[in-house]
């Protein structure tokens, strides 16, 4: 067991590499052939291509608990929110059937991939603090969903990222939207996402196994009262949360998402090509500058060469640790207290859930 400070230093290069892979995912997918940007006719899903690229880069896999699959049609999908890994894991789990509703800050932090997602109408960015008129915001959602290739929504009803052992209470905003539009909702919980890419703990790990479970579809049109509908959603959420987090990470079949075939208009393809070209040029310029800086450092003298070699060894060791070592356990009184409280509150439910899961060969 490495001391916490040493483990944090060991994690850092792999974490920065993971964030870079996510930041430049469209460019990486285009340069490696996952994203066939030259295909201008016929079915093409840039989102699926990028998600496949990220899955190969992080080498994660998801196991599917027995039960319903991701629903098709116009649905509001309710996902749990753990960290930056959600950005690509949840879209892959959903088969890229929905447009994620994300804060505008995500676009500011990751402009290289959000600009491409916006160009193909596969993400919705909004200013949470600027939503003063709820019905106006809902009408904006109606318009955006009607114009895009995907007319479903992927939302995080907890309202913020949380890595606690228990779920946060669900916010009401998007539930009210689903209820007002008589849209069905489906709860999708995935355990272990924060182990893949974790901005709070500043780590990235490769080859992690996740567990995903989907609830039955809940038809909001069957409820006349919103509070009754919200209560039913909360119960469905709690049940699915317990079921997924109680399940072992082995013995279940791999999740195989069903991705829809999309056809982009000429305008969308032109916009996406422009976004790809712009940010690929930026990536090329930054890469060139970085290589030149390292080359100058290497010829600056013995100290420079030692620094370059040390950086290379540090990075190699970090990537090896990301592939071979499990994520560190939560530490500190706060984490232990949260885990203890969660265990007391959820122990009985988890035991019942494990007992209810079918045995696997």
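Taken over the range 210-265, residues that are free of Cβ contacts under 8 Å to residues at least 12 places away in the same chain and assigned to a helix (DSSP H, G or I) amount to 5. Considering the range 127-158, and only residues there that are crowded, with 16+ Cβ neighbours inside 10 Å, touching a helix residue (DSSP H, G or I) at 6+ places or on another chain (Cβ under 9 Å) and modelled with pLDDT under 90, the residue that is nearest to residue 269 (Cα to Cα) turns out to be 149. Residue 196 meets the stated requirement of being under 30 Å from residue 324 (Cα atoms), at pLDDT 95 or above and surrounded by 15 or more Cβ atoms within 10 Å (Cβ to Cβ).
As for the range 313-336, it holds no residue that is modelled with pLDDT of 50 or more, more than 30 Å from residue 238 (Cβ to Cβ) and loosely packed, with under 10 Cβ neighbours inside 10 Å.
Against the list (1) closer than 24 Å to residue 87 by Cβ; (2) in a helix (DSSP H, G or I); (3) touching a strand residue (DSSP E or B) at 6+ places or on another chain (Cβ under 8 Å), the condition residue 188 fails is (2). When residue 169 is tested against (1) more than 22 Å from residue 200 (Cβ to Cβ); (2) touching a helix residue (DSSP H, G or I) at 6+ places or on another chain (Cβ under 9 Å); (3) at pLDDT below 95; (4) not in a helix (DSSP H, G or I), only condition (1) is not met. Helices (runs of 4 or more DSSP H) fully within the range 1-70 that include at least 3 residues being under 17 Å from the mean Cα position of the chain (by Cα) and more than 21 Å from residue 322 (Cβ to Cβ): 46-58. Among the residues of the range 94-116, those identified as outside any strand (DSSP E or B) and within 25 Å of residue 182 (Cβ to Cβ) are 94, 95, 96, 97.
Might you let me know whether the range 53-66 holds any residue that is buried (at least 19 other Cβ atoms within 10 Å of the Cβ), at pLDDT 95 or above, farther than 30 Å from residue 319 by Cα and in contact with a strand residue (DSSP E or B) (Cβ under 9 Å, 6 or more places away or on another chain)? Checking the range 53-66: at least one residue is buried (at least 19 other Cβ atoms within 10 Å of the Cβ), at pLDDT 95 or above, farther than 30 Å from residue 319 by Cα and in contact with a strand residue (DSSP E or B) (Cβ under 9 Å, 6 or more places away or on another chain). Restricting to the range 220-235, and then to whatever is surrounded by 14 or more Cβ atoms within 10 Å (Cβ to Cβ) and out of contact with any helix residue (DSSP H, G or I) (no Cβ under 8 Å at 6 or more places or on another chain), can you tell me which residue is farthest from residue 92 (Cα to Cα)? My answer is 232. Looking only at the range 119-139, residues that are outside any loop (DSSP other than H, G, I, E, B) and touching a residue at least 12 places away in the same chain (Cβ under 8 Å) come to 7 in all. If I go through the range 159-193 residue by residue, how many of them are surrounded by fewer than 21 Cβ atoms within 10 Å (Cβ to Cβ) and on the phi > 0 side of the Ramachandran plot? Adding up the residues that qualify gives 2.
It is to be established whether one or more residues within the range 103-110 are at pLDDT 95 or above, closer than 20 Å to residue 171 by Cα and in contact with a strand residue (DSSP E or B) (Cβ under 9 Å, 6 or more places away or on another chain). No; the residues of the range 103-110 include none that is at pLDDT 95 or above, closer than 20 Å to residue 171 by Cα and in contact with a strand residue (DSSP E or B) (Cβ under 9 Å, 6 or more places away or on another chain).
Starting from residues that are surrounded by fewer than 20 Cβ atoms within 10 Å (Cβ to Cβ) and touching a strand residue (DSSP E or B) at 6+ places or on another chain (Cβ under 8 Å), keep the ones in the range 72-99 and report whichever is modelled with the lowest pLDDT. Of everything passing the filter in the range 72-99, 73 is modelled with the lowest pLDDT.
The values are calculated or read from the model by the stated rules, or taken from the named source; none is laboratory data. Keep in mind that this is a model prediction, so the values were computed, not measured. Here Cβ is always computed from backbone atoms with ideal geometry, including for glycine, and neighbour counts include all displayed protein chains.
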